[in-house]
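To keep things clear, I will list the structure first and then write my remarks on it.
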Amino acid sequence: MSTHELTQTPTSDTARRERLLGWIGLLARLVLGGVLIAAGALKVGHPVTSKMAVQAYQIFPYELAGWIGLALPFAEIVLGTLLVLGLFTRVSAALATGLMILFVLGIASAWARGLNIDCGCFGGGGQIGAGQTAYPQEIARDLALVACGALLIRHPRTALALDSRLV
Amino acid sequence: MAKKPNTNRTDRPASATDRQAKIQAAQKATSTGGANKITIAGVVVILAIIAVVGGVIWSQKSAEDAVGSGNTSPPAGATVAEGYRSFADVTLKPGAPTVTVFEDFQCPACRDLEAILGTTIADLAESGDIKLNYHVMNFLDDATGAKQSTPVANGAFCAADQGKWQEFHDAAFSGQYTEGTSVTQEQVAAFAKTAGVPDLSAWEACTSAGKYTAYINDSNESAGKLGVTGTPTIRINDQMYSGQTLAPLGTPEGFTKAVQDATK
């Protein structure tokens, strides 16, 4: 970051573009990472609910779904922290994007099968009333996060990232 | 002596000083200026694995620790798989279907269902038209962080020990406390008094010890395995009704018709 600013003239188009992308990338990191940390933190301490939320999708075998439900909050917090810090941005963003795509597929599958469940994205989850489902909004939100992840995979060099301190 | 090299250095030509500075800068960059990527990656991966695996173990343990007293046996008349059978002494009519009501004492939608259908369901059970099981769940305690589902359920099963299940159950739903608030022992005892539990001090000892907490947790788990993902859910023989599918059963007439259809 610092070498760029020193060696390139401020009027250079590529430098300006790089710098802008760096700041947009920082924003993407904070949004994607922040959402992941919030989603994980809200589930910690509610193990039974976390298990039931994944089991409610009726995709994985019951026991396996329970273990996934227990592991997800911590995986989300780890990935979110790496993104906020900007550490191994490309790998973290790729994993987070993969996770979001799986969430989108899961929600779409629940929708298609006529289940009435809450996505359980930020805690809660399980069955809700027929008129209370919010599948389109949930999918749209996750797709926006996929876009953040895709941007970071394409341009992993972002402003204020720990990556720049690695050799 | 010590000062001499210093004086020499300042006398050096500018180009030499520049080169020296560049070498130092380069050395700094490779040796101390940044952390080694591979080492850091290894540390991060190990920490990530510890965080996730440790988190899973801790979560699983905290879910198990919620089991209070050492008692793991279900209340008389109840099984983990099928729940508690109310009106157990009634002789069933031939072909009477089994109706299982999956409920959480903290669930507002269950209170609404009980307000509309409670009497109908109890009447059908009392006349032997259905075999009635209550499958009690307590997941809302975990979801809301409040302590309500489990204490009230304990109160209900402790009342069942004295033959007052149905009375306590009805009192607890009509007087249900707000979802997400914890209840005191006194608040639960109010239901026992309304239900007419004969030996209140025995009931008190049973409830405050959390005698049926383990059973209630197991009951919640077994309901999940049956595919119950929320409450209220009603099962008539092997047919599950919840959310959208429960709506047609949401009136006394609708429920009675569903029972008649299921009667062989």
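The values are calculated or read from the model by the stated rules, or taken from the named source; none is laboratory data. Computed from a predicted structure; not experimentally measured. In this analysis, Cβ positions are derived from the backbone assuming ideal geometry, glycine residues included, and neighbour counts consider all displayed protein chains. Accessible surface areas use protein heavy atoms only, side chains included; no ligands, DNA or RNA. Shrake-Rupley method; radii C 1.70, N 1.55, O 1.52, S 1.80 Å.
Data for the structure
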quantity: Over the stretch A:9-167: Kirkwood hydrodynamic radius from C-alpha pairwise inverse distances, Å; calculated: 16.5
quantity: Solvent-accessible area of B:ILE40 with every protein chain in place, 1.4 Å probe, in Å² to the nearest 10; calculated: 50
quantity: Pairwise label distance in nanometres, A:SER109 with A:LEU27, each label 7 Å out on the Cα-Cβ vector; calculated: 3.4
quantity: Rounded, prolate or oblate (a/c below 1.5 giving rounded, otherwise prolate when a/b exceeds b/c) for the stretch B:58-122 by Cα gyration tensor; calculated: oblate
quantity: Rounded FRET efficiency, nearest 0.05, which uses the C-beta distance separating B:ASN36 from A:TRP67 and R0 of 30 Å; calculated: 0.30
quantity: Solvent-accessible ranking of A:ILE139, B:ILE216, largest area first, probe 1.4 Å; calculated: A:ILE139, B:ILE216
quantity: Cα convex hull of the protein assembly as shown - mean projected area over all directions, nm²; calculated: 30.5
quantity: Threshold 30 Å² - residues in the stretch A:42-64 whose accessible area is reduced by that much or more when the chain is no longer isolated, probe 1.4 Å; calculated: A:HIS46, A:PRO47, A:VAL48, A:THR49, A:LYS51, A:MET52, A:TYR62
quantity: Length gained when the stretch A:LEU166-A:GLN132 is fully extended (0.36 nm per residue, less Cα-Cα span); calculated: 7.5 nm
quantity: Computed FRET value (nearest 0.05) for A:PHE122 with A:THR14, which takes r as the C-beta separation and R₀ as 51 Å; calculated: 0.80
quantity: List B:SER149, B:SER174, B:SER73, ordered by accessible area with a 1.4 Å probe, largest first; calculated: B:SER174, B:SER73, B:SER149
quantity: Ranked order, A:LEU36, A:LEU95, A:LEU115 - accessible area, probe 1.4 Å, largest first; calculated: A:LEU95, A:LEU115, A:LEU36
quantity: Accessible area of the protein assembly as shown divided out per residue, in Å², using a probe of 1.4 angstrom; calculated: 50
quantity: Surface/4 of the Cα convex hull for the stretch B:154-264, nm²; calculated: 8.5
quantity: Label-zone membership for the stretch B:146-177, site B:GLN185, 7 angstrom Cα→C-beta point, backbone N under 17 Å; calculated: B:147-148, B:150-159
quantity: Occluded residues from the stretch B:128-142, i.e. those whose accessible area drops by 30 Å² or more once the chain is not alone (1.4 Å probe); calculated: B:PHE139, B:ASP142
quantity: Expected 222 nm ellipticity per residue - DSSP helices of 4 or more, -39500 (n - 2.57), all of chain A, to 500; calculated: -23500 deg cm²/dmol
quantity: Dipole-positive endmost among A:ALA140, A:GLY126, A:GLY106 within the stretch A:43-161 (Cβ charges, Cα centre); calculated: A:ALA140
quantity: Relative contact order of chain A, pairs being alpha-carbon contacts under 8 Å that are 6 or more residues apart, as %; calculated: 32
quantity: Between the stretch B:148-176 and the stretch B:87-114, the alpha-carbon center distance in angstrom; calculated: 14
quantity: Gap separating the Cα centres of the stretch B:38-59 and the stretch B:181-251, nearest whole Å; calculated: 39
quantity: Summed buried accessible area for B+A [probe radius 1.4 Å, Å², rounded to 100]; calculated: 2700
quantity: Of all accessible heavy-atom area on the protein assembly as shown, the percent that carbon and sulfur account for (1.4 Å); calculated: 62
quantity: Bridge type composition, the protein assembly as shown - antiparallel percent by DSSP, nearest 5; calculated: 60
quantity: Span-like helix ranges in chain A, DSSP H, alpha carbon extent 27 angstrom or more, Kyte mean at least 1.6; calculated: A:62-85, A:89-112
